[in-house]
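So the structure is just underneath, and the comments pick up after that.
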């Protein structure tokens, strides 16, 4: 079993739709959770960062962590074609990038 | 100017060649990383340099050799690679104390023929 599971997609939605991206994990010691966005032929960029359980909102993006279920989500409201990218979840036990474990990414296309 | 710059962006090399990837960070960070990204696979951490000291080598084959001459520059020396080494190689940097916030470069696309 992979330590972090992420549905690779591809996922296609119409513009304006609400998008839900998810990751499950097996290591209950993970405390730090991140979402990265990676445009085609580019490096990943940090989109959302959360610690422990709960929700965090930033504009159209909401990150949700449910540690009891070992499940994290990224919601995108009013999706735009510019949101088309691959979304990577990442997590770690401690505040160390050396220990980051990444999902394999979900490819999202928002159709105009 | 982007925070983390990688060159070359694209590289095609034969299995007997020797080449190097270069990374430069302009963020004042004190840790730098090399990651490998293959299709449909999670990012793999290859090397970490913190305060110019290599912290760990995640069992990466010896045909990959990193070099970190100072906190702003990082190299990945490549020799006698295999076709399965074809991938996107990403450099990243972070600052001690904010290590979960890492910044990636745009990557170097490597094709081994």
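Just checking, does the range A:63-83 include any residue being closer than 19 Å to residue B:44 by Cβ and within 14 Å of chain B (Cβ to nearest Cβ)?
Checked the range A:63-83: no residue is closer than 19 Å to residue B:44 by Cβ and within 14 Å of chain B (Cβ to nearest Cβ).
One line per residue, one yes/no per condition, for (1) within 23 Å of residue A:67 (Cβ to Cβ); (2) surrounded by 15 or more Cβ atoms within 10 Å (Cβ to Cβ); (3) within 10 Å of another protein chain (Cβ to nearest Cβ):
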{"site": "A:3", "(1), (2), (3)": "yes, no, yes"}
{"site": "A:6", "(1), (2), (3)": "yes, yes, yes"}
{"site": "A:24", "(1), (2), (3)": "yes, yes, no"}
{"site": "A:32", "(1), (2), (3)": "yes, yes, yes"}
{"site": "A:42", "(1), (2), (3)": "no, yes, yes"}
{"site": "A:47", "(1), (2), (3)": "yes, yes, no"}
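Considering B:18, B:40, which residue is loosely packed, with under 14 Cβ neighbours inside 10 Å and under 27 Å from residue A:87 (Cβ atoms)?
B:40
Select, from B:74, B:45, the only residue that is crowded, with 16+ Cβ neighbours inside 10 Å, facing another protein chain (nearest Cβ under 8 Å) and without any contact (Cβ under 8 Å) to a residue 60 or more places away in the chain.
B:45
When only residues in the range B:15-34 that are modelled with pLDDT of 90 or more and over 17 Å from residue B:104 (Cβ atoms) count, which is farthest from the other protein chains (Cβ to nearest Cβ)?
Going through the qualifying residues, I end up with B:18.
Could you check the range B:24-74 for strands (runs of 3 or more DSSP E) lying wholly inside it with 2 or more residues that are over 22 Å from residue B:9 (Cβ atoms)?
B:44-50, B:53-57
Taking residue A:94, is it touching a residue at least 12 places away in the same chain (Cβ under 8 Å), farther than 30 Å from residue B:11 by Cβ and assigned to a loop (DSSP other than H, G, I, E, B)?
When the stated conditions are applied, residue A:94 passes them.
Which ones in the range A:1-18 are part of a loop (DSSP other than H, G, I, E, B) and over 18 Å from residue A:91 (Cβ atoms)?
Within the range A:1-18, A:9, A:10, A:15, A:16, A:17, A:18 meet the criteria.
Can you pull out the residues in the range A:91-104 that are out of contact with any helix residue (DSSP H, G or I) (no Cβ under 7 Å at 6 or more places or on another chain) and either modelled with pLDDT of 95 or more or at the interface with another protein chain (Cβ under 8 Å from one of its Cβ atoms) (or both)?
Answer for the range A:91-104, where residues must be out of contact with any helix residue (DSSP H, G or I) (no Cβ under 7 Å at 6 or more places or on another chain) and either modelled with pLDDT of 95 or more or at the interface with another protein chain (Cβ under 8 Å from one of its Cβ atoms) (or both): A:95, A:96, A:97, A:98, A:100, A:101, A:102, A:103, A:104.
I'd like to verify a number: residues in the range B:3-15 that are over 14 Å from residue B:77 (Cα atoms) and surrounded by 20 or more Cβ atoms within 10 Å (Cβ to Cβ), how many?
Number of matching residues: 1.
Return yes when residue A:57 is surrounded by fewer than 19 Cβ atoms within 10 Å (Cβ to Cβ), within 30 Å of residue B:49 (Cβ to Cβ) and either over 10 Å from the mean Cα position of the chain (by Cα) or at pLDDT below 95 (or both) and no when it is not.
No; evaluated as a whole, the condition is false for this residue.
For the range B:77-105, what are the residues that are part of a loop (DSSP other than H, G, I, E, B), within 14 Å of another protein chain (Cβ to nearest Cβ), in contact (Cβ under 8 Å) with a residue 24 or more places away in the chain and crowded, with 19+ Cβ neighbours inside 10 Å?
If the condition is that a residue be part of a loop (DSSP other than H, G, I, E, B), within 14 Å of another protein chain (Cβ to nearest Cβ), in contact (Cβ under 8 Å) with a residue 24 or more places away in the chain and crowded, with 19+ Cβ neighbours inside 10 Å, then B:99, B:102, B:105 are the ones that fit.
The values are calculated or read from the model by the stated rules, or taken from the named source; none is laboratory data. Given the structure is predicted, the values throughout are model-derived calculations rather than measurements. With ideal geometry, Cβ positions are generated from the backbone for all residues, glycine too; neighbour counts draw on all protein chains shown.
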